Each structure stands twice: as structure tokens, then as C-alpha cells.
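Here is the structure we will look at, set down as C-alpha cells.
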Amino acid sequence: MAQVVVYGPNGARTTANTVLTEADKQNGFTMSEYDRLIAGQVPGREGYVGASQTEPLTDTYAGDYGGEDASTPTNERESVVGIGNTNYDNKDYSTVGEDGEVVIKNEDGSVYSPIAKRDMPIPTGAEYWNIDGEYYIAYYIPGTNTPIYYDSNLEDLKNIFGPVEFPAIESSIKTPTPAEWNSAIRFGDSLELADPNIYNPEASPWVSFIDTVAKESEIRPWLQDAEMIERLAEATLEGRTVTDAEWQSTDWWRTHTQAERDWLLLAQSNTTDFASVLTADAERKILEDNAAVKNLMEQSGIANPSSDLVSWVGHKLTTGLWSDTYVAEQVKVLSDPTLDSNMDVELDTFITSGAVDYDTTRAGESQVKRLSKEIMGPVFGGNLSDSQISKWAGKIRNDPDAEIEIRETMMNMVKGLFGENTAEGLTYEEIAGPWRGFTTNAWGGTLDETSNLFQNVVKANDVTKANELLYTAGLQDGGSDKIKTEVKNSIVGAFGGGSVRRII
């Protein structure tokens with residue numbers, strides 16, 4: 001095994017192993033550390049790509065130095081005074097282990113952790129605290145003296161870092177000052193911190209906090225607003241919750257509905273810990289709204305609606321983005337796509353892009369009802385049995401051309417209802433249309449279309465017969481004031497008004 005010193009730009013240097021080790025192979029590498037280094041494949045050391053100057057690693061090697069710039073004193077620049085003459089790195093690189101690897105030690109003789117930045121199982125820059133036997137992982141928010149911390153313990157740290165790196169972590173544990181501890185803000189626990197789905201190991205936890213806020217905005221939509229995030233971040237830094245008055249002073253509050261505001265006050269956690277945990281009342285509302293949506297869907301004829309569909313619509317209701325009325329309208333559209341109302345664009349996208357299946361067992365019923373009223377009228381068409389409607393709706397769902405057959409059946413029923421006075425091929429709507437105006441004019445008001453009188457006029461389909469029917473009914477108690485007046489006036493005209501008494 002051969003460790004070498006590799007020289008990079010401006011006198012920078014590092015060490016690398018020219019042999020492909022078993023550890024390399026276990027980590028999935030096919031090239032030695034040295035070959036990866038000069039190929040520019042070692043994260044954090046890309047500046048050594050193509051480096052050609054090397055020398056064997058000896059026990060006189062003073063340590064790596066990552067480069068120099070204008071701030072480096074001239075008498076400490078390796079490019080001026082030579083390799084090994086800087087004070088930037090006081091670690092000891094002189095010990096070579098049995099496997100040929102360099103054992104890096106700190107000034108006090110403790111072993112330095114070889115964890116590279118990208119290999120860290122948690123975000124870099126952490127401090128490890130022990131306060132009366134309680135352990136924490138702490139970070140400072142960039143640009144501030146405010147620590148944020150995560151609960152931990154020695155067993156968790158050992159599991160996170162593994163047996164090789166844990167000793168170095170354990171040796172670095174410190175006790176924070178009272179000022180540090182008093183100003184610290186709890187952000188969660190160490191296992192949560194070690195979850196790459198929550199925190200990016202290459203970014204500050206504060207940056208990940210902002211990212212987490214973005215994820216939380218799905219259930220807390222106000223966090224999509226920059227001003228609202230600013231309010232939350234400010235309060236978090238101060239170790240407190242955002243007050244109702246602070247939320248209410250924002251443009252978001254002024255430009256959103258009362259339902260959305262109510263959800264904000266209910267859902268925003270009342271703890272100073274930032275966590276994606278809703279209040280118990282908020283969780284209860286989510287469950288209740290989802291149950292209400294599912295019940296509405298089932299009542300509307302959607303059999304066994306999927307949990308994804310229920311949750312999606314329930315989320316709109318819970319957060320106040322959709323009102324109760326709009327939810328009911330959209331569920332109605334879902335249950336019967338033949339309705340004139342349009343499906344919400346977002347809902348349509350959710351269903352089509354996610355291939356969400358749902359069984360609209362009552363789809364087509366509204367279509368059958370419209371047809372029956374048009375062809376057979378409000379009395380006969382409006383009183384079809386549920387079984388007949390269900391039967392015809394089933395035919396429409398299974399065969400788009402079934403409407404032709406159903407229409408023909410209804411037309412034959414019309415002929416049976418209205419007899420020989422009905423012209424061939426006319427629907428109830430076409431027959432009744434002219435008689436609506438005629439009866440309104442004769443009666444002096446609109447007749448109830450479902451009444452026997454109007455239906456008999458339509459069936460008669462004859463002006464003389466219609467007048468006879470209307471005048472007979474109009475002269476009866478509760479009949480037509482207009483017809484009664486006309487009859488009275490005609491009698492007065494025929495016999496003179498002087499001796500006429502009220503006869504009707």
C-alpha cells in the first residue's frame with residue numbers, strides 16, 4: 001500500500017492512497033483514492049484534477065493544507081517557503097496504521113475523525129453537547145449566535161456514526177455555556193436529523209428548515225407566502241410562537257377567506273419546537289372533513305371512493321381553499337360526468353395524471369331524467385320509478401349509443417299517453433310548448449304544468465276543447481279570476497247592468 005503526497009495549485013497538497021483497498025471495493029469504487037483524486041472524482045478536492053507532482057508520504061510530513069490566498073502571510077505560503085512550513089494544520093500525520101492507512105491525530109493525541117464533508121451522516125458543522133448526562137447535537141444559525149439543537153444520546157450517536165467514527169465524535173463532546181444553552185432552540189431529535197429525506201447532509205439545518213417549511217406548505221398553505229415564512233422564522237429565532245395578531249397583520253390574512261384564516265389559527269403548532277406535527281384539533285378536523293367528503297361521495301353514487309381521492313378533496317375543504325358548496329358541486333360532477341357543470345381544473349389534473357379510479361355507479365341517471373322530462377313531460381317523465389331510471393342509466397354507461405334506443409322507447413310511451421291527437425315523432429316538450437302560452441293567456445296566469453287541467457289540454461291538442469276545459473275549471477271556486485270576469489262582463493253586455501245581481 002502506498003500513501004503519497006499530491007501537490008495541487010498554489011502549493012496546496014493532500015495525501016492519497018495509490019492502491020485500491022478492500023474498503024474502497026466495499027464502498028463501490030473501482031479506482032484507488034489517488035486515481036480518483038487526479039480524475040477530479042473526490043468531492044471537496046476537485047482542484048487536484050490532473051495533478052502530476054507527488055512524493056512518498058514519510059513520517060516528517062507536517063500535514064495537509066487546502067490552499068492559500070491573499071490573506072495568507074508570505075512567510076507561511078507553501079508556494080514561497082516550501083512544503084510543510086505553515087501553521088494552518090497542526091494535526092499529526094506521522095502515524096501509519098497496520099493496514100498502511102495514515103492515522104491522523106489532533107494536537108492532544110486524540111484520533112481525528114476522517115469523515116469527509118459529503119460522507120457525513122448528518123449536516124456538517126455540528127457540536128456535541130452534554131448537559132447533566134443529556135446529549136444534544138447543536139448548530140449555529142448562519143450569521144447569528146443562536147444555536148439550534150436536536151435531542152440525542154450516546155447510543156443514537158453510535159448508530160449514526162458507526163463504530164469507527166464514533167470515538168472521535170465522543171471525544172469532541174463538550175458542555176455548552178449557560179448563555180449558549182439558554183439561547184438554544186430545540187428543532188427535533190437526532191434520528192430525524194440523520195434522515196436525508198428531512199435534512200440535506202450537505203446543507204445547514206437552517207437551510208433544511210426553510211426546505212421543510214416549503215414541504216409543510218401543502219397542509220399549511222400560508223407558508224407559500226414569503227411574508228408568512230418571515231413571521232415564522234423570526235418567531236422561531238426568538239424561541240416563541242407567532243401570535244394571532246402577527247398573522248392577522250399580514251397581506252395574506254387580508255386577502256384570504258375566513259375559512260383559510262380559521263385553518264391557519266387551528267393548524268399552526270402552538271409549540272416553540274418546529275415540527276411537522278399539527279395540533280390535535282387540526283388533526284381531528286382533517287379526519288372529520290375526510291369522513292364528510294367520503295360520505296358525500298357515496299351518497300352521490302361514487303362507490304368505494306379511493307382514499308387518495310377522498311384525501312385530495314378533503315384537503316381542499318380542510319384548508320379552506322374550497323367551500324362546502326364548491327366541494328358539493330365538484331362531488332356532483334364526479335358522480336355524474338354528464339352534468340353541464342365543469343370539473344375543477346386541479347381536480348381533473350389530479351385524477352388524470354395520477355390515474356385515479358372511481359366507480360360512478362349513478363353516472364347517467366341525470367341524463368335519463370333530462371330525457372324523460374323532455375320527451376314525456378314533468379308528470380310522467382318526472383315520476384319514473386328508480387328501478388327504471390337505474391336500468392336505463394346502466395345501458396348508457398355501458399353503451400354510449402343506448403340513448404337512441406331509450407329515446408325511441410320514450411317516444412312510444414308518449415304516443416300511448418297522449419293518443420291519436422299526438423303527431424308522429426313529437427316529444428312532450430314539442431307538444432306542450434304552444435299550449436303554455438295559450439293557457440297562460442286564457443287563464444290569466446301560469447297553470448301548474450303537472451295539474452290534470454294542463455295535462456288534459458295537452459292531450460286534447462284542440463283549441464275548442466281546450467277553451468271548454470279552461471272555462472269549466474275557471475268558473476269553479478278557486479278557478480280563474482280572469483275567466484270569471486269575462487263571463488260576468490258578457491252577461492252584463494247581453495242583459496244590461498241595472499238589474500244584474502252577482503251570480504258568480
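On the given criteria, is TRP322 outside any helix (DSSP H, G or I), modelled with pLDDT of 85 or more and of a type outside the set (S, T, N, Q)?
yes
Only one residue in PRO176, PRO167, PRO142, PRO147 is surrounded by fewer than 15 Cβ atoms within 10 Å (Cβ to Cβ) and modelled with pLDDT of 80 or more. Which one?
Of PRO176, PRO167, PRO142, PRO147, the one residue that is surrounded by fewer than 15 Cβ atoms within 10 Å (Cβ to Cβ) and modelled with pLDDT of 80 or more is PRO167.
Any residue that is within 40 Å of the chain's Cα centre (by Cα), at pLDDT 80 or above, of a type in the set (Gly, Ala, Ser) and open to solvent by less than 80 Å² (accessible area, probe 1.4 Å) - is there at least one of those in region 397-409?
yes
Taking region 123-139, which residues are among the β-branched types (Val, Ile, Thr), more than 11 Å from THR175 (Cα to Cα) and surrounded by fewer than 20 Cβ atoms within 10 Å (Cβ to Cβ)?
THR124
Scan region 183-197 for residues that are assigned to a loop (DSSP other than H, G, I, E, B) and surrounded by fewer than 17 Cβ atoms within 10 Å (Cβ to Cβ) and jot them down.
If the condition is that a residue be assigned to a loop (DSSP other than H, G, I, E, B) and surrounded by fewer than 17 Cβ atoms within 10 Å (Cβ to Cβ), then ASP195, PRO196, ASN197 are the ones that fit.
Would you call SER390 among the hydroxyl-bearing types (Ser, Thr, Tyr), open to solvent by less than 70 Å² (accessible area, probe 1.4 Å) and closer than 27 Å to LEU475 by Cβ?
No, not satisfied.
Do any residues in region 280-304 that are on the phi > 0 side of the Ramachandran plot have Cβ atoms under 9 Å from those of residues that are in a helix (DSSP H, G or I) and surrounded by 13 or more Cβ atoms within 10 Å (Cβ to Cβ), where the two are at least six apart or on different chains, and which pairs are they?
So the pair list comes out as GLY301/SER335; GLY301/GLU365; ASN304/GLU298.
What residue, among those in region 463-504 that are outside any helix (DSSP H, G or I), of a type outside the set (S, T, N, Q) and modelled with pLDDT under 75, is surrounded by the most Cβ atoms within 10 Å (Cβ to Cβ)?
Going through the qualifying residues, I end up with VAL500.
Taking the condition more than 18 Å from SER217 (Cα to Cα), among the hydrophobic types (A, V, I, L, M, F, W, C) and in a helix (DSSP H, G or I), does VAL313 pass?
no
Might you check whether a residue that is assigned to a loop (DSSP other than H, G, I, E, B), aliphatic (A, V, I, L, M) and at pLDDT 80 or above occurs anywhere in region 52-73?
No: region 52-73 contains no residue that is assigned to a loop (DSSP other than H, G, I, E, B), aliphatic (A, V, I, L, M) and at pLDDT 80 or above.
Which residue is modelled with the highest pLDDT, if the candidates are limited to region 1-41 and must be part of a loop (DSSP other than H, G, I, E, B) and buried (at least 19 other Cβ atoms within 10 Å of the Cβ)?
Once the filter is applied, the top-ranked residue is GLY8.
Between THR279, THR243, THR271, which is modelled with pLDDT of 80 or more, surrounded by fewer than 19 Cβ atoms within 10 Å (Cβ to Cβ) and under 23 Å from PHE187 (Cβ atoms)?
THR243
Would you pick out the residues in region 150-164 that are surrounded by fewer than 17 Cβ atoms within 10 Å (Cβ to Cβ) and part of a helix (DSSP H, G or I)?
The answer is LEU154, GLU155, LYS158, ASN159, GLY162, PRO163, VAL164.
Being part of a helix (DSSP H, G or I) and either modelled with pLDDT under 80 or surrounded by 12 or more Cβ atoms within 10 Å (Cβ to Cβ) (or both) is the filter here; which residues of region 433-451 pass it?
Selection gives GLY433, PRO434, TRP435, ARG436, GLY437, PHE438, THR439, THR440, ALA442, TRP443.
The values are calculated or read from the model by the stated rules, or taken from the named source; none is laboratory data. Computed from a predicted structure; not experimentally measured. Please note: Cβ atoms are built from the backbone with ideal geometry, for glycine as well, and neighbour counts cover all protein chains shown. What goes into the accessible areas is simple: the full protein's heavy atoms, side chains included, and nothing from ligands, DNA or RNA. Shrake-Rupley method; radii C 1.70, N 1.55, O 1.52, S 1.80 Å.
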